[in-house]
Amino acid sequence: MTSRTSRPVIGISTCLTDAAWGRWDSMRSVLLSERYPALLRAAGAIAVMLPPDAPEHAAAVVARLDGLVISGGEDVTPALYGEPAHPETVANAPERDLWEAALIRAALAAGTPLLGICRGMQLLNVVCGGSLVQHLPDVLDGNPGAVSHTGRPNEYGRHAVRPVAGTLLADLLPESEVVVPTFHHQAVARLGEGLTVCAHAADGTVEAVEGAGFTLGVQWHPEQGEDLRIARALVNATRLAPLGTTPAALPVV
């Protein structure tokens, strides 16, 4: 852990996939959009990438961090919340699922400030015993107030979210509505234990959840926008976080 008067070190989870770069057409690679570390640097932190590792190492990794970001990506494996895969579910990263679930559990147990972004929010909900809507069009079709939660290929969409009064998120974003960058086809179904819904879309979709301390999950992608308030709140929380807490009882996923 860094001194609380210096720039905090915040870890960001990454994906593990085949990629083409340099002279290689396909090489197993650790990937992360550059916008994630750029967001944390702009908010006053040092960003470090956390490639998938053995889950039993998660607690030791989190102990060396001041904060944690679980990044976006492909869908969470539905088996983790006891459901078969929907035809539209793309869940092809079991190593990442288990590693990030272990990171989340370690952060919650240690009281480490945690921000889950899109997939990261969904996995936070699953780790806490919740479940997911695997394909939003299944529940939104026919809803005259439905908003578009995805953009075009290779392009983020934008829609308004409404923070819930009295929540941490509403303190950070006091407007009645905030327009955010978004790209997701899944969302919270059953809410995880210890979490509170802190934002909705106009069509009722859960757009953010929060828990004890600084535990925040947002369905949108703050790294794709210019609003630094959430990232700055994470950085500020690292300077206020307790040195240790009693581990919470969470379901094993």
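The values are calculated or read from the model by the stated rules, or taken from the named source; none is laboratory data. Since we're looking at a predicted model, the values are computed, not measured. Reconstructed Cβ throughout: ideal geometry from the backbone, glycine too, with neighbour counts over all protein chains shown. The accessibility values were calculated without ligands, DNA or RNA, using every heavy atom of the protein model including side chains. Shrake-Rupley method; radii C 1.70, N 1.55, O 1.52, S 1.80 Å.
Extension gain, residue 16-residue 41: 0.36 nm per intervening residue step, less the Cα-Cα distance, totals 6.7 nm. D by Stokes-Einstein for the chain, Kirkwood Rh over Cα pairs, 25 °C, 0.890 mPa s: 134 µm²/s. Charging the Cβ of each Asp and Glu at -1 and of each Lys and Arg at +1, and nothing else, the dipole of the chain about its Cα centre rounds to 880 debye. For the pair residue 25 and residue 155, a Förster radius of 30 Å applied to the C-beta separation gives a FRET efficiency near 0.70, rounded to the nearest 0.05.
In the chain, taking the dipole from charged Cβ atoms about the Cα centre, the farthest positive-side position among 106, 197, 164 is held by 106. Neighbours of residue 97 by Cβ distance under 11 Å: Lys/Arg scored +1, Asp/Glu scored -1, total -2. Between residue 171 and residue 92, residue separation times 0.36 nm minus the direct Cα-Cα distance comes to 24.8 nm.
How large, in percent, is the carbon and sulfur part of the accessible surface of the chain at a probe radius of 1.4 Å? Intermediate values should be presented prior to the final figure.
Working: 6470 of 11620 Å².
Its accessible area is 56 percent carbon and sulfur atoms.
If the chain linking residue 6 and residue 212 were pulled fully straight, counting 0.36 nm for each residue of separation and taking away their Cα-Cα distance, it would gain 71.7 nm.
Looking at the stretch 43-108, the accessible area is 43 square angstrom per residue; that uses a 1.4 Å probe and ignores ligands, DNA and RNA.
Distance between the 7 Å Cα→Cβ label points at residue 63 and residue 203: 4.6 nm. Nearest 5 is fine: what % of DSSP beta bridges in the chain come out antiparallel, could you say? Counting only bridges with both partners in the chain, antiparallel ones make up about 60 percent.
Other residues within the sphere of radius under 10 Å centred on the Cβ of residue 178, judged by their own Cβ, net out at -2 (K and R +1, D and E -1). Distance between Cα centroids, the stretch 148-206 to the stretch 72-132: provide it in whole Å. The distance from the Cα centre of the stretch 148-206 to that of the stretch 72-132 comes to 17 Å. Using every pair of distinct Cα positions in the stretch 35-166, the Kirkwood expression returns a hydrodynamic radius of 16.6 angstrom.
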